[in-house]
Structures are given as structure tokens and as C-alpha cells.
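The values are calculated or read from the model by the stated rules, or taken from the named source; none is laboratory data. What you are looking at is a predicted structure, and each value in this text was computed from that prediction instead of being measured. All Cβ positions, glycine included, derive from the backbone under ideal geometry; neighbour counts span all protein chains shown.
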Amino acid sequence: MTAFLELPAVAVLWDFVRYGLTGWGAGAIVLFTLAATHLTIIGVTVYLHRCQAHRALELHPLISHPLRFWLWMTTGMVTKQWAAIHRKHHAKCETEEDPHSPQTRGIDTVLWRGAELYRVAAADRELVERYGHGTPDDWVERHVYSQHSVLGVSLMLIVDVMLFGVVGAAVWAVQMAWIPLLAAGVINGIGHFWGYRNFKSPDTSTNILPWGILIGGEELHNNHHTFATSPKLSSKWYEFDIGWLYIRCLAMLGLAKPRALPAEMFLDPARNQIDADTVEAVISHKYELMAMLSKSFKKHARRAQFQPAVVEKWTELRKEFETMWSLRHLSVEQAVAGLQSWCNRAEASGIAALADFSKRIRMVSPRRTAIAA
């Protein structure tokens, strides 16, 4: 056997099977795998999620086309199907119609069988047609990416084996498992099950970690559900969204055009009234204000033992404030009157923190946050 392997032609073939065209060692192959899977994550978060599903930014064809091609090779996912499923998730979040809610389907199902849930939803033509509008519909999408999704991942297997030999099959397996596990499983599962919440969005979305690197910023899932059309997923000063870093770099090169960020809450000391502008600003920042109100309560509760009557009044007014902005049928006039009534009762409650919060409400003014070129 040894003599056979030493034949020139056989030796060359054997080396190719063992090391591929690159001849790289284990360390270099691991680095390649991490880089390749990270590029796939960026394709999902920047192209599929923020650009296609939410229209949070526009991408130049020099970026969007390579990302589409790479996702075809590494995931086999169809843009229209992915965007449609994600849009329905937001529209029917945590109801029986949500394609992948751990609240209705169980955390184990979503975490370990997220890819299966995706395939079931993607096979629903009515869902895809209803929620998949506005996604690419050019020749290559219709005749290549959508029709031959298996071809892409098969070509990726061939490329990996050519580059790294038999080890390339393991590299390919990691690439194929990366999105089903991290995106379909971790984000859709743990992102609605465990973590911290900056905002009281009307669902159980959570931020898994404050530093969004491994999954491209998608770890900041509660922030995303609060400001779904924002191209930036970080919110607090200590949070980091690597996907947003890439978008800003592309924007500086003229290859991406993000939408305006959520408006910053602006307090105008000259304002001391409740009007339509106040309502507009409060609606824009309702989750921030709810969080501020809850934080204020906890802060004052630690400082002193509240009397039961005071705690009851705090709880009553906090719940009323939260409920007020979930009533979508209110007209502007009704919202102005309701907010004015709430502020009057907060100031008359005898609780200094509530009175201070009410005064801040009267100073709130709408102001958009532009994105510098």
C-alpha cells in the first residue's frame, strides 16, 4: 500500500484528497470557516433583514448582488420567502399565526427545529405572496436563485472540497448549520425567551447580549422589535451592533443609503403644554418613556419604603400610561385630552417623581435624527 501511494500520480491525488488546492493547516481552515460564516451572517442581517424585509436601507447593486449570490451558495434561502416569513412574524408576533414563536411552539422546537419551521412557512404560497412584495424579481432571481436553490449549496460543497480536500466537507457542514442554528434557532427562539429588555414592546422580544458581533447585531432583538424599520439595532451607549458598523462603512463609500434613525427624544424647556406635537413625540418614544417611568418607580422604591397607597397610585398611573398608547382607535384630539388628563392626575398625586415625569412629558418635542453622509 505504501509503495502504491508513493507513485507520483497517486501521491498528487492523495495530497489533493487530504489537503485540497490550498494545502492549509487546521488553523487557517478554522479562520476561513469563521470568516465565511460571518459573511453569511452579514448577508442575512444587512441584505435579507434590514434591506429587504424592513426597507431600512438601500444597497448598491455592487453589494446586493454579491450578497444574494453568496446567500444562494451558503444557505439556499430565497429572498422573497425569507422576507415574507419575517414580515409575518412581525405582523402576527407570538400568536398562533407567527411562523416561529417559542411562546406558541415551544422553545425547544424553535431552537432546534427552526430550519424546519422555515421550510414549512416557505411552502405556504399564500403567505409568500401576501408578505413577500417588493423583493427582487429579476431574471436571475426567477430562473436561478428561486428555481435552483439546491444547486447553490451543492456548488459550495464542491468549492469547499476543492479548497480543503476531505476536510472541506466538514467546513461545508458548518456553513450549512450556521444560519439554521444561530438565526432560525437562537434569534427566533432565545430572542423571544431569555435576555434583557430595554423597551416594553408588545411582545416578549429580548436582547440576548448587548454586543451584537457573532450574529451581526441581531442579538439586540428587543431593540429591533421596538424600532423595526431602523437600520441600527443598538440603542444604549454600551450596546454594539456590528451590522450597523458595516452599513456606515458602506454608506461612506456610497454603496448604502440608510433610512433616518428613530427620532431622539428632545426636551424643549420652552414648552409646557400638551398638544398634537406632544402626542406625536410621545408615540415615537412611548417605549422609552415607559422604561423611564418604570425605572423611576424602582429608583424611588429603593430609596424609601412606599406606603401601600403610594404604590397603588404609582401602579395605577403607570398602567394607564402604557394602556393609553395601545389604543389605536384614538383620534388626535382624544389622545391630547387623555394625555392632558393623565398629566394633571400625575401632578396632583403628591408623588414628586410622577410630577417630574409629567413635566418632562410637557416638554417633549418631535425631532428626527438624520444620518450624516
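Scanning the range 209-230 for residues that are of a type in the set (V, I, T) and surrounded by fewer than 21 Cβ atoms within 10 Å (Cβ to Cβ) gives I213, T229.
Of the helices (runs of 4 or more DSSP H) contained entirely in the range 96-205, those carrying at least 2 residues that are modelled with pLDDT of 90 or more fall at 107-122, 125-131, 149-164, 167-179.
A251 meets the conditions (1) in contact with a Pro (Cβ under 9 Å, 6 or more places away or on another chain); (2) part of a loop (DSSP other than H, G, I, E, B) in every case but one. The failed one is (2). Would you tally the residues in the range 236-261 being buried (at least 22 other Cβ atoms within 10 Å of the Cβ) and in contact with a helix residue (DSSP H, G or I) (Cβ under 8 Å, 6 or more places away or on another chain)? Result for the range 236-261: 3. With a requirement of 2 or more residues that are exposed (fewer than 13 other Cβ atoms within 10 Å of the Cβ) and modelled with pLDDT under 80, the helices (runs of 4 or more DSSP H) lying completely within the range 279-373 that satisfy it span 286-303, 308-324.
Of everything in the range 233-260, what is within 16 Å of T206 (Cα to Cα), touching an Asp or Glu at 6+ places or on another chain (Cβ under 8 Å) and basic (K, R)? Give them in sequence order. If the condition is that a residue be within 16 Å of T206 (Cα to Cα), touching an Asp or Glu at 6+ places or on another chain (Cβ under 8 Å) and basic (K, R), then no residue fits. Taken over the range 129-184, the criterion of being surrounded by 19 or more Cβ atoms within 10 Å (Cβ to Cβ), free of Cβ contacts under 8 Å to residues at least 60 places away in the same chain and closer than 19 Å to A35 by Cβ is satisfied by D160, W172. Checking each residue in the range 42-56 for being buried (at least 22 other Cβ atoms within 10 Å of the Cβ) and not basic (K, R) picks out G43, V44, T45, V46, Y47, L48, H49, C51, Q52, A53, A56.
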